[in-house]
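The structure under discussion appears below in the form of structure tokens.
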Amino acid sequence: MTLRKIDGFVVDGVLEEEVRYETTVTDYPIESGGKASDHIENATPVLTMTFIVSDTPIGEVAKQRSADTIPSNEAKRYLLELRAARRPFTVEGVTGTYPLMVFASLSEPRDSESGDALVMEAEFRQLRIEEVRREVVRGPANLGHRPAAWRDGPPGWLCPDLVVILGDPAANAAKKCRKVVSRRKREGAGYGESIYVFADTGVALNYQELADYFNQQSSRSAGGALDGSGTGTAPLSSQLAYDPRYGAVRRGVYANRGNLSVVATPATPAELQVLQEYGEVQNRQADVTNTIFGGAGDKLFGGAR
């Protein structure tokens, strides 16, 4: 005996069953030479069934029932919960086995002959599952539709001894100098601002590195840079600084009869411009640090910039 099942639940018998295979055909003319199959869509099967669950099962069906339950009540509860779950299931009927079915309708007709048995009418529709595969296609970083967000300015060098050899990148590299570029933002928040980064890593200069870089720049105009032939000498150690009492000054080290003394002299206009630019850049570096790491980065100058 073949058992009839709805999602594995055995029913006593199927009183009536019909399966329909419906097709939707276009009402519009098909272009000459066109594929007719493009205008015809086969629907999934529709299964209608009238079945019964008895409170006095016999044979193989009786073996499927629990001893402490009333079969009609158990069947009604199971089928209503299955409908409420809105999930696909398999129907094993008289006309065949149909996977991926869901309830389109479920009714319980009653008449004088129904008695205690549960008689239900159901319409099942089969779901159509289409396999979809998604792939991520990565194109070039810049397709030419818009410029890069950052633009690099002319490179410079930061040398351990703060002495740059002009016009000779190989010599500076041999001295273990690191190339520095100013990176200016071209769009968005902070448009036009620039930060200074190492060209090899893209990491922003910290405050001490930034101070050394700008001090080195100002030293070049005072003789602190050698030309390609190595002529010229670096002056004694000096540093451009901002003194709250005197403003921008250059603190220089001078030798007098074996004694070293530090003398502060007013900065020249060119040096003042370098110092101001350094302050602006340091403030922007602090803003970048705050954005990335949170907190309050130290700023050289307060107030409007």
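The values are calculated or read from the model by the stated rules, or taken from the named source; none is laboratory data. Remember, it's a predicted structure, so these values are computed and weren't measured experimentally. A quick note on method: Cβ atoms are made from the backbone with ideal geometry, for glycine too, and the neighbour counts reach across all protein chains shown.
Somewhere in the stretch 26-42, is a residue modelled with pLDDT of 95 or more, farther than 18 Å from residue 127 by Cα and either exposed (fewer than 12 other Cβ atoms within 10 Å of the Cβ) or not charged (D, E, K, R) (or both)? Scanning the stretch 26-42, I find no residue that is modelled with pLDDT of 95 or more, farther than 18 Å from residue 127 by Cα and either exposed (fewer than 12 other Cβ atoms within 10 Å of the Cβ) or not charged (D, E, K, R) (or both), so the answer is no. For the stretch 130-159, the candidate set comprises residues that are small (Gly, Ala, Ser) and part of a strand (DSSP E or B); within that set, the residue that is modelled with the lowest pLDDT is 153.
No other residue among 111, 55 is modelled with pLDDT under 90 and assigned by TED's automatic domain parsing to the domain that holds residue 13 apart from 111.
If we keep just the residues of the stretch 160-194 that are part of a strand (DSSP E or B) and farther than 19 Å from residue 211 by Cβ, which is modelled with the highest pLDDT? Of everything passing the filter in the stretch 160-194, 184 is modelled with the highest pLDDT.
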